[in-house]
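K.L.:
Provided herewith is a single structure, encoded as structure tokens, for subsequent inquiry.
We did not get these values from a lab; they are worked out from the coordinates using the rules stated. Since this is a predicted model, take the numbers as computed values, not measurements. Cβ placement follows ideal geometry from the backbone for every residue including glycine, while neighbour counts extend to all protein chains displayed.
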Amino acid sequence: MNRFVTLCHKELLRFFKVSFQTVGAPVLTTLLYLVIFGHALEGRLEVYPGLRYSAFLVPGLVMMSVLQNAFANSSSSLIQSKITGNIVFVLLSPISYGEFFAAYITASVVRGLVVGLCVLAVGAAFVSLPLHAPLWALAFALLGAALLGSLGLVAAVVSDKIDQVAAFQNFAIVPLTFLSGVFYSIHTLPPFWQRLSHANPFFYLVDGFRYGFFGASDFPPAASLAIVFASLLAVSSATLLLLRSGYKLRY
Amino acid sequence: MQKRYGALRALAGVSLEVEEGEFFGLLGPNGAGKTTLINVIAGLARADSGEARVLGADVRADYRRARRMLGVVPQELVFDPFFTVRETLRLQSGYYGLRANDAWIDEVMHHLDLTAKADANMRSLSGGMKRRVLVAQALVHKPPVIVLDEPTAGVDVELRQGLWQFVRRMNREGHSIVLTTHYLEEAETHCSRIAMLKEGRVVALDTTRNLLGSFSGLELRLHIDRAALPAGMPGRVVAADGGEFRVRLANYLELEEALAGLRQAGVAIREMEVHPPDLEEVFLRLTGRSS
């Protein structure tokens, strides 16, 4: 227990010590999305009856920052440790791969939620938001952050260079989050793109999270939760197997 | 134990045992497999075949126990730039499940002369200081077995002395020490037993005394007032340059004969040095680089 707590504590310290960059910067970026897209599209789009576009946008942006920051936390921490070599301090210790996994995921979830809450607080200052079912929102945020934290670990384990992790982020995570319905309801899409969106696991995260605020969603929230949970189970099992094998960690 | 990295055979069947409480030296040229061997023991690498045990604990099946009994000072100068020296040592203690470890951390820092830098960020430390922190990190959990992989590479003389004093003390208190080094005089001074590795194999494994004994002999270095040594000098000339000669002799009796020969021939000695056998000599001969 103590080993896990220490590694988790170290991972949390790592991002809190540079919180200007790890929390401040993503909050500013999201605020810019809100201001620009909100301004450009306000009054032109009405996704749910009676709901302002900028209000619709805020939960999507919150979820996007939760996901991107959870991924960034585990992936950047592990790849930096691998490149600088200080990962040996953990590898030399009796920390098990399960404890290692749990500590990195916990830190990713905390970072995702901290950034998400900050974005939510800033968004709520601009538009008034209902909170229909907060526990649903929290459940999706937690599972989403854990899922992306786990993906971040995979990306960092298989990569040898920071560019490779960045490629994973820029060519997989960012497109998947942008195309998950953060900025629009997938019902406004042509049928082909609607079907394709259903293949994107991030869609269920954003849609389910939004249900927590408005009580309305494109897909039944319980089914979304089940899909998200199953994805998390699959990805974390794969990550644990990868860590247990020692692939690119213990040569 | 065997280990390959692609086409490279890093360990081609190494088998050896270090006794409890021993100060053991692992010597060999670059690429001999010393670090690979240590990495397998430490769990940083996995052997293709064979097994490694630390005080009876298998490094894979019983890794928790094995790693708790092992403290490794890695060769690379690695550090985490986010933390101070004290934070680094507290985190390292926590990785071993130790919570209230400040008394020992203070003692280790004191012996390694780190106390003044306790609250300095790792990034701000000089190379020598970072090396001390690495040593301290390996010792936070008071491991019964301590592995030092080239601990004095790039370290100033003062630290070297302090470090050896501390390591010898740990050894006297019962800790087993395994040392790899390029500085043969360090191995000669501290190690009671030595394994020499070459191309992933053990080419010699014996007490330091026996190793030196098996390559007995002296080297006489002379600077005389003429260009050739008198005829009938004992020993074998291994180098000659103008009036300077290096002559290998079997023992001190030959040295006496050599000096007598020089006197009879009326040769004036300008400078003279006598070198007893050293590990350098043994090392070079065993690894096939001797002249």
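K.L.:
Once you put a point 7 Å from the Cα of B:Leu8 and another 7 Å from the Cα of A:Asp163, both along the Cβ direction, what distance in nm separates them?
P.N.:
Taking the two extended label points, one gets 2.2 nm.
K.L.:
Nearest 500 deg cm²/dmol is fine: what mean residue ellipticity at 222 nm does chain A get from its DSSP H runs of n ≥ 4 alone, each adding -39,500 (n - 2.57), divided by its residue count?
P.N.:
Details: 11 runs with 182 residues, N = 251.
So the helix-based figure for chain A works out to -24000 deg cm²/dmol.
K.L.:
Which angle from 0 to 90°, rounded to the nearest 10, does the C-alpha axis of helix B:127-139 make with the longest principal axis of chain B?
P.N.:
60 degrees
K.L.:
Another question, then. Loop only per DSSP, at most 10 neighbouring Cβ atoms within 10 Å: give me the trypsin sites (Lys or Arg not before Pro) in the stretch A:189-251, ordered by residue number.
P.N.:
Nothing satisfies the criteria.
K.L.:
How big is the dipole moment of the stretch A:51-245 about its Cα centre under a simple scheme where the beta carbon of each Lys and Arg is +1, that of each Asp and Glu is -1, and everything else is neutral? Debye, nearest 20, please.
P.N.:
Details: 7 positive and 5 negative charges, 13 e Å.
The dipole magnitude comes to about 60 debye.
K.L.:
Using Cα pairs under 8 angstrom and six or more residues apart, how large is the relative contact order of chain A, in percent? It would help to have the intermediate numbers written out before the result.
P.N.:
Values: 331 pairs, mean separation 65.0, N = 251.
26 percent.
K.L.:
I need A:Ser19, A:Ser75, A:Ser54 ordered by Cβ neighbour count within 10 Å, fewest first.
P.N.:
A:Ser19, A:Ser54, A:Ser75
K.L.:
Still on this model: So how far, in whole Å, is the C-alpha centre of the stretch A:1-69 from the one of the stretch B:21-43?
P.N.:
About 49 Å separates the Cα centre of the stretch A:1-69 from the one of the stretch B:21-43.
K.L.:
On to the next question. Sort B:Ser192, B:Ser124 so the one with the fewest other Cβ atoms within 10 Å of its own Cβ comes first. Mind showing how you got there, number by number?
P.N.:
Details: B:Ser192 15, B:Ser124 11.
Ascending Cβ contact count within 10 Å gives the list B:Ser124, B:Ser192.
K.L.:
If R₀ is 25 angstrom, what is the calculated FRET efficiency for the pair B:Leu77 and A:Leu13, using the beta carbon separation as r and rounding to 0.05?
P.N.:
FRET efficiency, B:Leu77 to A:Leu13: 0.65.
K.L.:
Would you mind ranking A:Asp207, B:Asp62, B:Asp241 so that the residue whose beta carbon has the fewest other beta carbons within 10 Å leads the list?
P.N.:
Least crowded to most crowded, the residues run B:Asp241, B:Asp62, A:Asp207.
K.L.:
While we're looking at this one, here's another question. Nearest 10 degrees, 0 to 90: what angle lies between the long axis of helix A:134-158 and the longest principal axis of chain A (Cα atoms)?
P.N.:
Roughly 40 degrees between the two axes.
K.L.:
Could you identify which residue out of A:Leu78, A:Leu135, A:Leu151 has the top mean-square fluctuation in a GNM of chain A using Cα springs shorter than 10 Å?
P.N.:
A:Leu135
K.L.:
Continuing with the same structure: Can you give me the C-alpha center-to-center distance between the stretch A:136-204 and the stretch B:82-144, rounded to a whole angstrom?
P.N.:
Using only Cα atoms to place each centre, the spacing works out to 40 Å.
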